[in-house]
Each structure stands twice: as structure tokens, then as C-alpha cells.
1. Which condition number in (1) crowded, with 22+ Cβ neighbours inside 10 Å; (2) more than 27 Å from Asp182 (Cβ to Cβ) is the one that Pro308 fails?
2. Hey, does segment 118-127 have a residue that's more than 16 Å from the chain's Cα centre (by Cα) and not β-branched (Val, Ile, Thr)?
3. I need the strands (runs of 3 or more DSSP E) fully contained in segment 31-146, keeping only those with at least 1 residues that are surrounded by 23 or more Cβ atoms within 10 Å (Cβ to Cβ).
4. Looking at Ala177, Ala239, Ala184, Ala195, can you tell me which residue is of a type outside the set (S, T, N, Q), within 18 Å of Arg272 (Cβ to Cβ) and surrounded by 21 or more Cβ atoms within 10 Å (Cβ to Cβ)?
5. Going by the conditions given, is Arg190 open to solvent by 60 Å² or more (accessible area, probe 1.4 Å) and either touching a Gly at 6+ places or on another chain (Cβ under 8 Å) or touching a residue at least 40 places away in the same chain (Cβ under 8 Å) (or both)?
6. Tally the residues that are open to solvent by 10 Å² or more (accessible area, probe 1.4 Å) and assigned to a loop (DSSP other than H, G, I, E, B), restricting the search to segment 150-169.
7. If I ask for residues that are within 13 Å of the ligand (Cβ to nearest atom) and assigned to a loop (DSSP other than H, G, I, E, B), which ones from segment 170-182 would you list?
8. Going by the structure shown, is Gly27 under 30 Å from Leu274 (Cα atoms), within 16 Å of the ligand (Cβ to nearest atom), of a type in the set (Gly, Ala, Ser) and part of a loop (DSSP other than H, G, I, E, B)?
Amino acid sequence: MSLANQVRDQFFSEFGDDPAFIVRAPGRVNLIGEHTDYNDGFVFPLAIDRATFIALRPRADKCVSAISLDIDDRRHFALDALQPPTEPEWIDYLAGVAWSLLERGYALRGWEGVLSGDVPIGAGLSSSAALELAAARAFHAVSSFEWDAPAMALACQRAENEWLGVNCGIMDQMISAAGVQDRALLIDCRSLEIASAPLPPGAAVVILDTNTRRGLVDSAYNERRAQCEAAARHFGVAALRDVDLAAFERRADELDPLARRRARHVITENERTLQAREAMNAGDAAALGQLMIESHISLRDDFEVSSPALDAIVDCANADDACYGARMTGAGFGGCAIALVAADGASSFVERVTACYVAATGNQPALTITRASAGAGTVFP
Ligand code: GLA
């Protein structure tokens, strides 16, 4: 049964009636442009066909009451008595989005509903952004404000930064809010301008989940951010986005070796991401794949956010004849990689890379062929 039907059925058994709305918000993978968003740079993600669904109806009071089918838990909060969490739980994502929307002056109604999602948690596929945007879409459904994707993404990012205490950039919320079916989105993380492009004809995207989950990602992520900000200060610019490769090379010697590697990753990754747009517009899967291969090497050696498991699965993928290019995706240190492969060879690619990774690591990965889906929306009525 589809997740939309599951939340609808559970809503009926809980509330004795059909829901007034079913909303959905997807997770994401990033084709290229990693650790560039908080440097005001470019990213190229696509929304995936895994998502969080909420079946809901409005309430007359200022209360939000939600049941998570995945966690088997029922929680509620009052919109006029929001308390920041000390140890965030799933309900705090909903409360954080409410807080952020209220802070921005949106008038919100309460609602009650049932939610469930199939974006794996902690895999680097943005289950948090999916939950946040689904919550924003639920508030949108019952309140009368306009849905503006960048504004909603910014509000959800603020919830994540200030309510949940995670210092993420804008990529995950933007793509969950604004994704387009069958297209990847080139997002300028400074202006939030978006250009969409289809995947090259005959190419498919495979998610390669190493099934490794790493702790301490937050502290390593914050450390990378601080290193990038320090490098930008050294160049006298607002963000590394403002340094091009030629300017970087002229002054690279002034940076200590670590800062030089971190900055080099961000600056070259921005260039690769813009080149990826050319490759996609030209329908050139081989060129796009090559940029992905270079992106992984840069993330592994210069930015140092890969892991042995990610390197192993990327090596297995890149050695396969059906593969144009593979790289880690998301923050790194574990979780998922993605591969651009020939669509007609995708199923056998999945089998071969699974076997290769098991032989290399002794662990079982989870490989799935995905497709670009639409961003957050109301799926019923
Ligand atoms: C995480 C963050 C994003 C982005 C990526 C790395 O997914 O949430 O904002 O920084 O890492 O590209």
C-alpha cells in the first residue's frame, strides 16, 4: 500500500473520518555541488521518490496533535506555548517549523493528523528537511497563506538552525520545497535563483546506501564551515563563492595547507557544478559523470568528508561499465553515494555493485534506482 493510502487509512481509524488533506514532502540526493551551499555557492540536487506524508484536518483551537506511524508515538503542542527542545524529538521538527513561521508573521491554525515517511533517517537523504517541509505544507493546507517555495525553505532552515540546533545550509530545504518531477535543480544558494535541467537522456540515478551511519557529523560539519569562513575572510570576501579559481591560485600560498585544501574543494566544486549544468543541457552523461568522479576525489582528499565505506562503494560503482560517474552525496562521513548510470544497465549495475561492496567490506548495502520527483505539495484533494 502506498504511504499516502496508509496515512489516509490510519487517519480514518483514528478520527473516524477522511482527512481534509494529504500533504507530501520529499527527501533528496545531490548530483553535484557538495559543501558549497553554506559558502553561498551552487548545488544541483533532485528531489527523490521517497517522502514524508501527513494526512490531516484543521482544528478549531491552537493545538497541533500528530501521530507518527513510524515511531508509533502520539504528541501535541500548542501554537501559543512553544518551548524550544533540549533533546529534539520528531515532534520538535513540527513545532520548530511552527515557531519559525509564526516568527515570520504567518497566521497559523492548529491541525491534527497522522504522518509516515520512507526517507531513511541518518542516511544523508534529508529526512529532516522532508519532515520540516511536510509540516510547512500541513500548516499551509489549514491556514490561508501563500505557498512560496524559497520562503518556506528559508523558514524551515531557520527551524533547523535555531530550534533544532543543526547548522545546515539551504540546499535540503530548497530542493524539498521546490523539486520538479524528472528534473534536477541548479540552485544559486546566494540569490536562491533556480534553473532546472533534465537528466541526460538514457541516464538513471542510483542511490548507493552504504548502510553506515556516522556520529559526530555535526561537529565535523561545523568545523568545515568555520574553516571555509576563515578562508573567505582571508580573501577579504563575504563567502568562498566570491573567489574564482584564478584568484585562488594566485594567493593559495598564503593559506596554511589545511585551509588551502578546504578552500580548493569549495572553489573547484562551484566550478564543477556550473560545468555540470552545461553537461546536462547538452545531454552529455559522460561529461556529467566525469565531474561527479572529480567531485568525489575533491571531497575525499581536499575536504576530507568521505569515509572508507563511501570510498569503497564509489570505487565499485566507478569501476562498472554501466556507470558514468559516482560520488558521495550529502554531508558525508557515511550514508549514501549516488551514481549516474546507463538506464538500460541500471538493474545489473545494482547487482554487481552490491556484490562488489559486500566483497570489499563484508557489509550489505542498499541500492535503489530513483527518479526526480516533485517538491512539497498537497496530494489530496
Ligand atoms: C547537509 C546539509 C546541507 C549541505 C550538505 C553538504 O546535507 O544539510 O545544507 O551543506 O550537507 O553539501
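1. Here Pro308 clears every test but (1).
2. Checked against the condition, which is being more than 16 Å from the chain's Cα centre (by Cα) and not β-branched (Val, Ile, Thr), segment 118-127 yields no hits at all.
3. Correct list: 45-58, 63-68, 111-117.
4. Numbers: Ala177 fails: within 18 Å of Arg272 (Cβ to Cβ); Ala239 fails: surrounded by 21 or more Cβ atoms within 10 Å (Cβ to Cβ); Ala195 fails: surrounded by 21 or more Cβ atoms within 10 Å (Cβ to Cβ).
Unique residue meeting the criteria: Ala184.
5. So Arg190 passes the test.
6. Total meeting the criteria: 5.
7. Within segment 170-182, Ile170 is the sole residue that qualifies.
8. no
The values are calculated or read from the model by the stated rules, or taken from the named source; none is laboratory data. Just so you know, these numbers come straight off a predicted model, no measurement behind them. Every residue, glycine among them, receives a Cβ derived from its backbone with ideal geometry; neighbour counts consider all protein chains shown. For the accessible areas, the whole protein counts, side chains as well, though only heavy atoms, and no ligand, DNA or RNA atoms are used. Shrake-Rupley method; radii C 1.70, N 1.55, O 1.52, S 1.80 Å.
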